[in-house]
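The values are calculated or read from the model by the stated rules, or taken from the named source; none is laboratory data. What you are looking at is a predicted structure, and each value in this text was computed from that prediction instead of being measured. A quick note on method: Cβ atoms are made from the backbone with ideal geometry, for glycine too, and the neighbour counts reach across all protein chains shown.
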Amino acid sequence: MKVYQRVTGHEKSITNFEVVVDDTYSGFSILAGTATEEGDDLTNISYGFNGYEGYIFDFSGRFVGGYSKDIPINISVHMKDDNTYSYFINDALICNNMDGITGFNSIEFNKHGDSSIFIEYIA
C-alpha cells in the first residue's frame, strides 16, 4: 500500500526517516519527488530507496545497507542548494554530494503488511 506525505519543497533541508519492516522479505520503497495538486503520482523524483529481502538500494540501484525484521532503519537525506544531496543510514555517511533535483513536495512510502515509517522534515 502506498502512503503519501506532503512537505514544503525546499533546497537546503533535511529529511529523516525511521522505517520498521514487519517482514524482511516483503520490502519497502521510499520516493521523494514532485506531486501534482490533482493526485499523488510523483514526477521529477529527487531520491529514493528500496528495501528488498533485507538489502537496501538507493535510487541508482546501488547497494547501500541492510535491514532486519522489527529493527528500525534510520535514513537521513541532506539536500543542498547546489542540486546535490548526501544521505546517511543509521548515522553513517553512505554517499556525499550526489547529483539530483533538490526541490520536492511529496514523499511516497510503499509498505507491505504492518511496516511503518516516521518522517521528520526539517526545512
TODO: Being more than 16 Å from Phe17 (Cβ to Cβ), among the basic types (Lys, Arg) and surrounded by 14 or more Cβ atoms within 10 Å (Cβ to Cβ) narrows it down to one of Lys69, Lys80, so name that one.
DONE: Lys80
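Out of Ser86, Ser106, I need the residue that is closer than 16 Å to Phe17 by Cα, surrounded by fewer than 17 Cβ atoms within 10 Å (Cβ to Cβ) and within 14 Å of the chain's Cα centre (by Cα). Which one? Don't jump to the end; show me each part of the working.
Working: Ser106 fails: surrounded by fewer than 17 Cβ atoms within 10 Å (Cβ to Cβ).
So the residue among Ser86, Ser106 that is closer than 16 Å to Phe17 by Cα, surrounded by fewer than 17 Cβ atoms within 10 Å (Cβ to Cβ) and within 14 Å of the chain's Cα centre (by Cα) is Ser86.
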Open item on the list: Name the residue that is surrounded by the most Cβ atoms within 10 Å (Cβ to Cβ), counting only residues in the stretch 44-59 that are assigned to a loop (DSSP other than H, G, I, E, B) and in contact with a strand residue (DSSP E or B) (Cβ under 8 Å, 6 or more places away or on another chain).
Closed with: Phe59
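Taking the stretch 6-43 on its own, how many of its residues are assigned to a strand (DSSP E or B) and loosely packed, with under 14 Cβ neighbours inside 10 Å? Give the steps one after another, and end with the answer.
Keep residues of the stretch 6-43 that are assigned to a strand (DSSP E or B), which gives 6, 14-20, 28-35, 42-43.
Filter once more, keeping what is loosely packed, with under 14 Cβ neighbours inside 10 Å: 6, 43.
Total satisfying the criteria: 2.
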- [ ] Pull up the stretch 26-47, narrow it to residues that are more than 22 Å from Asn83 (Cα to Cα) and small (Gly, Ala, Ser), then point me to the one that is modelled with the highest pLDDT.
- [x] Ser29
Task: Members of the stretch 60-70 that are in contact with a strand residue (DSSP E or B) (Cβ under 6 Å, 6 or more places away or on another chain) and either in a loop (DSSP other than H, G, I, E, B) or under 15 Å from Asn110 (Cβ atoms) (or both) - done: Tyr67
